[in-house]
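Structure record follows, encoded as structure tokens.
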Amino acid sequence: MAKRCDLERLKGLNKDLKLEFPEQKIPTRNGYGDALVELGKINKSVMVLCADLTESTRVEKFREKFPKRFVEIGVAEQNLVTVASGLAAVGKIPFASSYAMFCPGRCWEQIRTTICYNNQNVKIIGAHSGVSVGPDGATHQALEDIAIMRALPNMVVIVPADYEQTKKATHAIAKYKGPAYMRFAREKTPQFTTKSTEFKIGKAQVLKRGKDLAIIGAGPVVYECLEAAEMLERKGISAEVINCHTIKPLDKNTILSAAKKCGCVLTVEEAQIIGGLGGAISELLSENWPTKIKRIGVRDHFGESGSPDELLQKFGFSSKHIFKEAFKFCKCVKNN
Amino acid sequence: MSQACGMAYGLKLDGKKNIVWCLTSDGEHEEGNTWEAVLFAAKNKLDNLVCILDRNYIQIDGNTEDIMPLDPLDEKYKAFNWNVKVIKGNDMKEILSALKQARNNKGKPLMIIANTIPGKGVSFMENDHTWHGKPPKSEEAKIALAELNKIRNKIKRIKIK
């Protein structure tokens, strides 16, 4: 485990991003809930809809403060997104909140037809994504949501890295005119960006510069990537770490730059390796700068019931596992 | 219907006097999300929402009551806490009267079930489900248009009071 001071002294750390490595761990969903309350105050058009998951999607504070602008939909995700489409049609900025497995899981076609095709200004929020959802098991662990949302025209797909970033992302998608999807996890995860770390939709963040391997991640696993990079430094491998919070539209320039500089790319996401961040980057590199790539994610099977920590370990999302895979991969590429 | 519900909800929230008119079909009442909208509209007393259901009893594979029985739709809607009106959907006087009355709808969303004859006015199309989604060939179209034009020439203008 990298200590806070080790990460702060990390070679190539991007000082401009004003990262900090405190002991704090906060759930990303709290960032969503807190940002909504701020948004509710400054923008009267913001409305929040929920499909019977108010507390766990952290929208209860918005409901308390702005009860008239909160719509309880009940267990009906198709209605959730389509009512949101109707609200957007009369000038509202609706945030449709549920677990990612249910929305977009159950209502992908309604999102496609009533939101994307109409280019309606609806924000879709997929909470409880990834294996770290824990004991609820495979039926509740959304791993395919990035893939199915990425394939939709007009959809923006964001996976913020921590609480602060989730707050900024919530504000950013409220300002953005058009459909947007944001997914986050359930558990407390390390808070490493600060209020001063800038956030722009579509602009990937080079957290640490390096030249031997580009590690590109999305979501709270990005912190594990930084820890893995620290371990790699100790072994003489200089990894570049990129926080690719916006999977669509992809920051092609930053990724291609990194691929050209480093010669090999490792992607990390708490999702299936098929079709998500890894898929997006593979597509980009194949067409523009074919680069050896390795994808870390769930390898085309379902999650399972367990404690979040157990599952993160089992499915390879710890910094130790990322380090091992990165080391093996980098050595293999450099030797050929 | 869910989109119409969203619009009606937003307009009501803003105190606007608009009515949202939503045309729906019988076949789509086999979809679950239609009933999600029905529940939602009733819960939120969206009396600014007026739906008109084209009750023609046909869908792609045949008669709705053979594919997935829907009757009694009027009782279902009443049970779901909507106001319900049943009209002859090919009778313009009944249609105009119902739409006029709909502007005074209060307390619950309104469903106007319009019983229609699909393909009315074209002798070889009436009540034939195979025409649900199929365009006529040019010879067939000629005959159909001739029959419709005959009816058009008979229509007298109806004064709306």
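Bear in mind these aren't lab numbers, they're just calculated from the coordinates by the rules spelled out. Computed from a predicted structure; not experimentally measured. Here Cβ is always computed from backbone atoms with ideal geometry, including for glycine, and neighbour counts include all displayed protein chains.
How many nm is it between the label spots at A:E64 and A:R234, if each spot is 7 Å from the Cα in line with the beta carbon?
Between A:E64 and A:R234, the simple spin-label model gives 4.3 nm.
Step through the residues of the range A:96-105 one at a time and calculate ³J(HN,Hα) from phi using the Karplus curve (6.51 cos²θ - 1.76 cosθ + 1.60, θ = phi - 60°), rounding each to whole Hz and writing x for Gly and Pro.
Values, residue by residue: 9, 10, 6, 6, 4, 5, 8, 9, x, x Hz.
What is the average number of partner chain Cβ atoms found within 10 Å of a Cβ in A:72-84?
6
Based on the mean of other beta carbon atoms within 10 Å per residue, what is the order of A:283-292, A:259-268, most packed first?
On the way: A:283-292: 14.4, A:259-268: 21.3.
Most protected by this proxy first, the peptides run A:259-268, A:283-292.
Let me know the mean shielding of A:17-24 by other chains, meaning the per-residue number of their Cβ atoms within 10 Å of its Cβ.
Details: counts 0, 0, 0, 0, 0, 0, 0, 0.
Mean number of neighbouring Cβ atoms from other chains: 0.
How high is the relative contact order of chain A, given as a whole-number percent (alpha carbon pairs under 8 Å, six or more residues apart)?
Values: 770 pairs, mean separation 63.9, N = 336.
Relative CO of chain A lands at 19 percent.
For the range A:68-151, calculate the relative contact order in percent as a whole number, restricting contacts to Cα pairs under 8 Å that are 6 or more residues apart.
The value is 29 percent.
For q values of 0.08, 0.10, 0.11, 0.13 Å⁻¹, compute log₁₀ I(q)/I(0) with the Debye formula on a Cα-only model of the protein assembly as shown, without solvent.
Log-scaled intensity ratios, in q order: -0.59, -0.81, -0.91, -1.12.
Between A:I215 and residues 5 or more places away or on another chain, which pairs have amide H atoms under 5 Å apart, with H built 1.01 Å from N, and which residues are they?
Those lying under 5 Å, H to H, from A:I215 are A:E240, A:V241, A:I242, A:L266.
Is the range A:1-114 rounded, prolate or oblate when judged by the Cα gyration tensor, a ≥ b ≥ c being the square roots of its eigenvalues, rounded requiring a/c under 1.5 and prolate requiring a/b larger than b/c? Don't jump to the answer; show the numbers that get you there.
Working: a/c = 2.42, a/b = 2.03, b/c = 1.19.
It is prolate, given that a/c is not under 1.5 and a/b is the larger ratio.
If you take the square roots of the eigenvalues of the alpha-carbon gyration tensor of the range A:25-190 and sort them as a ≥ b ≥ c, do you get rounded (a/c under 1.5), prolate (a/b over b/c) or oblate?
Rounded, because the longest to shortest axis ratio a/c is under 1.5.
Let me confirm the definition first: pairs of Lys residues in the range A:25-190, 8 or more apart or on different chains, C-alpha distance under 15 Å. How many are there?
Summing the qualifying lysine pairs gives 23.
Residue by residue through A:39-49, how many Cβ atoms from other chains fall within 10 Å of the Cβ on average?
Working: counts 0, 0, 0, 0, 0, 1, 2, 0, 4, 0, 2.
Counting Cβ atoms of other protein chains within 10 Å of each residue's Cβ and averaging gives 1.
What does a probe at A:T194 reach in the range A:19-53, counting residues whose amide N is under 15 Å from the point 7 Å along Cα→Cβ?
Answer for this model: A:19-24.
If you filter the range B:1-97 for trypsin sites (Lys or Arg not before Pro), then keep DSSP loop positions with at most 13 other Cβ within 10 Å, what is left? The partial results should precede the final answer.
Values: sites: B:K12, B:K16, B:K17, B:K43, B:K45, B:R55, B:K76, B:K78, B:K85, B:K88, B:K93; in loops: B:K16, B:K17, B:K45.
Passing both the DSSP loop test and the Cβ count: B:K16, B:K17.
How high is the FRET efficiency between A:N43 and A:V75 when r is their beta carbon distance and R₀ equals 25 Å, given to the nearest 0.05? Don't jump to the answer; show the numbers that get you there.
Values: r = 28 Å, r/R0 = 1.13.
Once the sixth-power term is evaluated, E becomes 0.30.
Just need the Rg to Rh number for the range B:2-116, please, alpha carbons only, Kirkwood Rh. Walk me through the numbers before you get to the answer.
On the way: Rg = 13.9 Å, Rh = 14.4 Å.
Here Rg/Rh amounts to 0.97.
Counting only DSSP beta bridges with both residues in the protein assembly as shown, tell me the antiparallel percent, nearest 5. Kindly include the intermediate steps, with their values, before the conclusion.
Numbers: 11 of 65 bridges.
Percentage antiparallel, nearest 5: 15.
Taking the Cβ-Cβ separation of A:I274 and A:Y176 as r and a Förster radius of 22 Å, what is the calculated FRET efficiency to the nearest 0.05? Mind dumping the intermediate values first?
Working: r = 27 Å, r/R0 = 1.25.
Plugging the Cβ-Cβ distance into 1/(1 + (r/R0)^6) gives 0.20.
Where the centre of each part is set by its Cα atoms, how far does the range B:55-82 sit from the range A:225-275, in angstrom?
Cα centroid of the range B:55-82 versus Cα centroid of the range A:225-275: 55 Å apart.
Which order do the peptides A:3-16, A:323-336, A:125-138 take when ranked by the mean count of other beta-carbon atoms within 10 Å per residue, highest first?
On the way: A:3-16: 13.9, A:323-336: 15.9, A:125-138: 23.0.
Highest to lowest by the protection proxy: A:125-138, A:323-336, A:3-16.
Relative contact order for the range A:25-190 using alpha-carbon pairs under 8 Å, separation at least 6, rounded to a whole percent? Write out the running numbers ahead of the final one.
Numbers: 349 pairs, mean separation 48.5, N = 166.
RCO, the range A:25-190: 29 percent.
Using 1/(1 + (r/R0)^6) with R0 = 41 angstrom and r between the beta carbons of A:T139 and B:A42, what's the FRET efficiency to the nearest 0.05? All intermediate terms of the calculation are to be shown ahead of the outcome.
On the way: r = 30 Å, r/R0 = 0.73.
For R0 = 41 Å, the calculated efficiency reads 0.85.
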